[in-house]
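The values are calculated or read from the model by the stated rules, or taken from the named source; none is laboratory data. Because the structure is a prediction, the values reported are computed rather than measured. Virtual Cβ from ideal backbone geometry, glycine too; neighbours counted across all protein chains shown. Surface accessibility is based on the protein's heavy atoms, side chains included, excluding ligands, DNA and RNA. Shrake-Rupley method; radii C 1.70, N 1.55, O 1.52, S 1.80 Å.
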Amino acid sequence: MPTRYFDAPVRDGPGGARRYPTLLDGTSCIEHLFPLDKTTIVITLAALPGALALFDASEVLGLDTEWRSAMLQPKPGKGKRQPGKAALLQLCDDSHGVIVDLVALGGLPPALVSFLASKRLAGVNIGAKVCLALTLTLTLTLTLTLTLTLTLTLTLTPTLTLTPPLTLTLTPTLTLTLTLTKPNPDPKVGAGDLGKLSKDFPEAGLNHHHGAPGPSVFVAGMVIELAPLGAEVLRVSKAAVGSLALLFARCCKGRVLNKLLANEKGVQHVDWQRRPLVQNELQYAINDASASFLSARRLLDGPPALIPNSLAGSSGNTNPSPCPSPNPSPSPSPSPSPSPSPNPSPSPSPSPSPSPSPN
């Protein structure tokens, strides 16, 4: 095969495999790519309802967000640089991907907030726990007994006076509720993608960040944190599945996430506020959401004995292959497996079977 040269081997190596499939010969892992032709990019409010309607039949969605890192932010006069606002919101299921351009929309539209609250969302470090203050409620019930004695005088003609005593007892109940509130000491609770969306766009009313004015729109069980679930289901340490790339590699054998696809120096060097975004950046964004969905499906549809009762069978998918090939290019990779070619070798296996029969 002729020699191929790439200007950035770390970044373009997987891309070169896409352009030259023969580079995959003899390799055991394939870069995961969700097809961009199945990805809808929403840049107007009018296009949002139609894009979200693609997920009407989906029970679980992979979620991810992107924002400009603090190192790319302008340096303020005082203090240190802070990360930029969330710029992209990615959602994905088995056959559809949606990238919502939050910069173009100017925030989180109410229709998107309602949609997120109605679906089960899965991801790594997306903020499954609600970060509200811890509230302790004490109910004190006081019972007051009031006894009233009334004297009723009946006068009959000519002169007869009856004075029967009447006793009336009233028992009112007074309930006093004492609420004690203190800040949540865990700074990690409520962090992640959903916590950042809530903090960056407080007017949207997600209420999923520290100091939120009300209860979170996400009820318990609707947000699936994949890292602890993966550690429990796969029986590995939390560090072994601490990132999406590590978890995805274990859930979908033979697939890898190219975390340098958007930028050869790392995703922290990508300016997600800049428009337009290039194809590699869009591909990177939807890949993460797709990997989250595939990992969630593998963990939720795994052996029932290894899945918590609260999550077992919730994804509604009975496909025994949790990570089907979403793009046509990786499909040749399973075919080169040596299993079909040794079919002649299994054929001799029946030949020994007749040999014992003569014995």
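Local charge sum around Arg274 (other residues, Cβ-Cβ under 15 Å, Lys/Arg +1, Asp/Glu -1)? Spell out each step's value before the answer.
Working: positive: Arg68, Lys85, Arg275; negative: Glu66, Asp101, Asp271, Glu281.
Counting the neighbours of Arg274, the net charge comes to -1.
What is the gain in length, in nm to one decimal, between Lys238 and Arg275 on full extension, counting 0.36 nm per residue of separation less the C-alpha to C-alpha distance?
Working: separation 37, 0.36 × 37 = 13.32 nm, distance 3.68 nm.
So the extension gain works out to 9.6 nm.
If you count only protein heavy atoms and use a 1.4 Å probe, how large is the accessible surface of Arg68, to the nearest 10 Å²?
40
If DNA, RNA and ligands are ignored and the probe is 1.4 Å, what is the ranking of Thr44, Thr39 by accessible area, most exposed first? Each step should come with its number before you reach the end.
Details: Thr44 65, Thr39 20 Å².
Heavy-atom accessible area, descending, gives Thr44, Thr39.
Which residues among segment 57-85 fall inside the zone where the amide N is under 15 Å from a point 7 Å beyond the Cα of Gln268, along Cα→Cβ?
From segment 57-85, the list is 67-73, 81-84.
Considering the Cα positions of segment 251-293, please state its Rg to one decimal place and its Dmax as a whole number of Å.
Every Cα atom of segment 251-293 included, Rg and Dmax give 11.2, 35 Å.
Provide the net charge surrounding Val241, with neighbours chosen by a C-beta distance below 13 Å and charges set as Lys +1, Arg +1, Asp -1, Glu -1. Walk me through the numbers before you get to the answer.
Numbers: positive: Arg235, Lys238, Arg250, Arg298; negative: Glu225, Glu232.
Every neighbour counted, the sum reads +2.
Cβ under 13 Å from Ser118's Cβ, Ser118 left aside: what net charge do those residues give with Lys, Arg +1 and Asp, Glu -1?
Numbers: positive: Lys119, Arg120; negative: Asp56, Glu59.
Taking every Cβ under 13 Å from that of Ser118, the sum is 0.
Cross-link list Lys119/Lys196; Lys80/Lys119; Lys75/Lys196; Lys85/Lys119: which exceed 25 angstrom alpha carbon to alpha carbon? Don't skip to the answer; put the middle values down first.
Numbers: Lys119/Lys196 18 Å; Lys80/Lys119 36 Å; Lys75/Lys196 21 Å; Lys85/Lys119 23 Å.
Going by Cα-Cα distance, Lys80/Lys119 fall outside the 25 Å limit.
For segment 213-221, just list the computed ³J(HN,Hα) in residue order, Karplus coefficients 6.51, -1.76 and 1.60, θ = phi - 60°, integers in Hz, with x standing in for Gly and Pro.
x, x, x, 5, 6, 8, 7, 4, x
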